[in-house]
Amino acid sequence: MLGYLGPAGTFTHQALLTFADDSNAVGYPTVLHALDAVRSGEVEAALVPIENSVEGGVTATLDTLAAGHPLIIRREALLPVRFNLAGRPGTTLADVKRVLSHPHAIAQVREWLAANLPAAAITEGGSTAAAAKEVSDPTSKYDAAVCAAVAQDMYGLAPIVAGIADNPSAVTRFVLISKPTAPPPPTGTDKTTLVAYMRADRPGALLEILEQFSGRGINLCRIESRPTKTGLGNYCFSIDLEGHIREPRVAEAMQGLHRICQDVIFLGSYARADKVAPTVGTGFTEADFSAAKQWYQGLMNPDD
């Protein structure tokens with residue numbers, strides 16, 4: 001059984017449908033509830049948002065993963081942020097006088113609404129799924145909801161205008177979280193997620209962390225500072241990097257971080273949803289590491 005950040009009809013629900021059947025899936029009201037359900041064994045894994053290309057990391061997910069009983073990322077999914085202006089069947093754009101949706105959804109289509117529905121009253125509240133449910137009621141005072149396609153279909157609405165967004169390139173990244181398991185074999189298009197805690201807040205502490213990657217030719221996809229909640233000014237770093245922990249360059253970087261950091265939390269190596277392969281420079285391929293190891297062993301055993 002899988003869990004996800006609910007309720008049913010949200011974008012997380014729609015992301016789940018890209019790779020799994022939702023017949024036995026359970027929606028949870030918060031990221032914390034969803035991940036606690038994984039920790040307790042109530043569900044095998046849960047899908048939650050972790051990053052948006054416009055707004056950055058989802059702090060609730062980053063902080064919940066960094067604290068508590070260990071969890072691991074099994075896979076990721078990418079979903080373009082596109083909304084439908086949905087109404088009861090037969091509703092046209094000219095009919096729309098009142099629109100309902102979640103504040104975050106309204107924020108991401110505000111320019112479109114101003115250009116196409118300048119006289120409409122826009123109301124924020126609940127979730128996009130709740131907005132779709134409300135609009136589906138024939139007695140509702142709202143004519144349309146800004147919602148995900150899955151919510152539109154769930155409540156029998158029809159698209160008035162499909163695929164609206166102020167930023168057409170906006171994408172939300174979701175991750176499937178489970179209890180820790182052994183990392184899968186590398187695919188060649190992998191990503192590794194970790195959290196690094198500095199030993200002390202001092203000049204050069206972050207540089208030491210970054211040198212573990214740059215010195216081994218590892219590109220970072222994301223790095224964000226998050227408060228450790230142990231005192232003002234104390235931060236850890238949530239990091240996504242290109243590569244897999246079973247690759248020599250990533251393994252060495254992880255060991256280097258363990259030497260210099262107070263703590264390192266490994267959150268998984270998994271295939272990238274976009275299947276983009278990293279560019280590995282000369283000196284950092286597996287063949288290069290193997291050749292260097294053989295050369296070193298030859299120095300230690302010159303008679304072999």
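FYI, it's all coordinate maths here, none of it is from the lab. Predicted, not measured: the structure shown is a model, and the values here were computed from it. FYI the Cβ positions are ideal-geometry reconstructions off the backbone, even for glycines, and counts take in every protein chain you see.
Using Cα-Cα distances under 8 Å and only pairs 6 or more residues apart, what relative contact order does region 183-304 have, in percent? Before the final figure, lay out each step's value.
Working: 193 pairs, mean separation 46.0, N = 122.
Relative contact order of region 183-304: 38 percent.
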| task | Please get the size of the charge dipole for region 183-304, origin at its Cα centre, with Cβ charges of +1 on Lys and Arg and -1 on Asp and Glu, quoted in debye to the nearest 20. | result | 440 debye
| note | Relative contact order as a percentage, region 83-164, C-alpha pairs under 8 Å and 6+ apart, gives 52 percent
| task | In Å³ and rounded to a whole number, note down the convex hull volume per residue for the Cα atoms of the chain. | result | 162 Å³
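Which number gives the lysine pairs in the chain that have C-alpha atoms under 26 Å apart and are eight or more places apart or on different chains?
Total qualifying Lys-Lys pairs in the chain comes to 8.
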| query | Which of the trypsin sites (Lys or Arg not before Pro) found in region 236-276 are in a DSSP loop and have at most 10 neighbouring Cβ atoms, other than their own, within 10 Å? | reply | 275
| GNM on the chain, C-alpha springs below 10 Å: top fluctuator among 143, 63, 288? | 288
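From the C-alpha gyration tensor of region 52-92, pull out the three semi-axes of the equivalent ellipsoid (sqrt of 5λ each), sorted largest to smallest, in whole Å.
Values: eigenvalues 237, 29, 25 Å².
Each semi-axis is √(5λ); the values are 34, 12, 11 Å.
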| field | For the chain, built as a Gaussian network whose Cα springs stay under 10 Å, the top-fluctuating residue of 157, 93, 62 | value | 93
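How much of the DSSP bridge set in region 83-164 is antiparallel, in percent, rounded to the nearest 5? Each step should come with its number before you reach the end.
Details: 8 of 14 bridges.
Among the beta bridges of region 83-164, antiparallel pairing accounts for roughly 55 percent.
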| Using the beta-carbon distance between residue 97 and residue 53 and R0 = 30 Å, what value does 1/(1 + (r/R0)^6) give for FRET efficiency, to the nearest 0.05? | 0.40
| note | Under a Gaussian network model of the chain whose springs join Cα atoms within less than 10 Å, the largest fluctuation of 255, 294, 152 belongs to 294
| request: Could you please state, rounded to a whole Å, how far the C-alpha centre of region 208-270 is from the C-alpha centre of region 114-131? | output: 41 Å
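Net charge near residue 101, counting Lys/Arg +1 and Asp/Glu -1 over other residues with Cβ under 14 Å of its Cβ? Please report the intermediate quantities before stating the final value.
On the way: positive: 82, 98, 110, 133; negative: 124, 134, 143, 166.
Charge balance in the 14 Å sphere: 0.
Apply 1/(1 + (r/R0)^6) to the Cβ-Cβ distance of residue 214 and residue 293, taking R0 = 30 Å, and write down the FRET efficiency to the nearest 0.05.
Working: r = 21 Å, r/R0 = 0.71.
With R0 = 30 Å, the Cβ-Cβ based efficiency is 0.90.
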| note | At q = 0.16, 0.17, 0.18, 0.20 1/Å the base-10 log of I(q)/I(0) from the Debye formula over the alpha-carbon atoms of region 83-164 is -0.45, -0.52, -0.58, -0.74
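So what is the 222 nm mean residue ellipticity for the chain from helices alone, if each DSSP H run of at least 4 adds -39500 (n - 2.57) and you divide by all residues, rounding to the nearest 500 deg cm²/dmol? Working shown, then result.
Working: 10 runs with 90 residues, N = 304.
Dividing the helical sum by the residues of the chain leaves -8500 deg cm²/dmol.
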| query | What's the local net charge at residue 166, with K and R +1, D and E -1, over the other residues with C-beta under 15 Å away? | reply | 0
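Hey, got a sec? Which trypsin sites (Lys or Arg not before Pro) in region 89-187 land in a DSSP loop and have at most 15 other Cβ atoms within 10 Å? Before the final figure, lay out the partial values.
Details: sites: 97, 98, 110, 133, 141, 173; in loops: 97, 141.
Loop-located and lightly packed - 97, 141.
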| note | Full extension between residue 122 and residue 260 adds, at 0.36 nm per residue less the Cα distance, a length in nm of 44.5 nm
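Just to confirm a number: summing +1 for Lys and Arg and -1 for Asp and Glu over residues other than residue 26 whose beta-carbon lies under 12 angstrom from that of residue 26, what do you get? Don't skip to the end; give the middle numbers.
Working: positive: none; negative: 22, 42, 44.
After counting each charged neighbour, the total is -3.
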| task | Determine one quarter of the surface area of the Cα convex hull of region 183-304, which equals its mean projected area, and express it in nm² to one decimal. | result | 9.1 nm²
